[in-house]
Amino acid sequence: MPIPTATLPHTITIEPYEGDTAEGPSYGTATTVRARVVAKRRMVRTGNGADVSASATITVRPGVTVPAESKVTHGDRTYTVLDAANGHELRGTHSWQLLCDGPRGATA
């Protein structure tokens, strides 16, 4: 059962990372989705085993594809996705947790 809308009070814009080009990183079409943004620094272990400091955890519904290094914008703050992990319950995946670095605000 997917996470209820009432637990996703924020709106974010996701620009999926598509790879590097001669001009720098390339991003796909921006998508706006409902989310829950918790800006709290914590140590996490990414999928490749690296220990990093994530400055925000963003929860979205399952089915949203967010590769590592994607850009996520919430208000005037832009985060970089370090890793994504699915949240499980007995009936299956109910959410995705995006572990993010940043933010890079309007003044950064």
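Loop by DSSP (not H, G, I, E, B), at most 14 other beta-carbon atoms within 10 Å: where is the longest site-free stretch of the chain for trypsin sites (Lys or Arg not before Pro)? Intermediate values should be presented prior to the final figure.
Numbers: sites that count: LYS40, ARG41, ARG91.
Excluding the exposed sites themselves, the longest stretch runs over 42-90.
Between VAL44 and SER26, what is 0.36 nm times their sequence separation minus the Cα-Cα distance? Round to one decimal in nm.
Values: separation 18, 0.36 × 18 = 6.48 nm, distance 2.58 nm.
3.9 nm is the gain from fully extending VAL44 to SER26.
Run through the range 1-100 and list the GluC sites (Glu not before Pro) located in a DSSP loop whose Cβ has at most 14 other Cβ atoms within 10 Å.
GLU23
Expressed in nm to one decimal, what extension gain is obtained for the pair ASP101 and SER53 from 0.36 nm per residue of sequence separation less their Cα-Cα distance? Write down the numbers at each step before the final one.
Details: separation 48, 0.36 × 48 = 17.28 nm, distance 0.75 nm.
16.5 nm is the gain from fully extending ASP101 to SER53.
What distance in nm lies between label points placed 7 Å from Cα along the C-beta direction at THR7 and ALA85?
1.6 nm
Throughout, read-outs are computed from the coordinates displayed, never taken from laboratory work. Remember, it's a predicted structure, so these values are computed and weren't measured experimentally. Ideal geometry is used to build each Cβ from the backbone, glycine not excepted, and the neighbour counts take in all protein chains shown.
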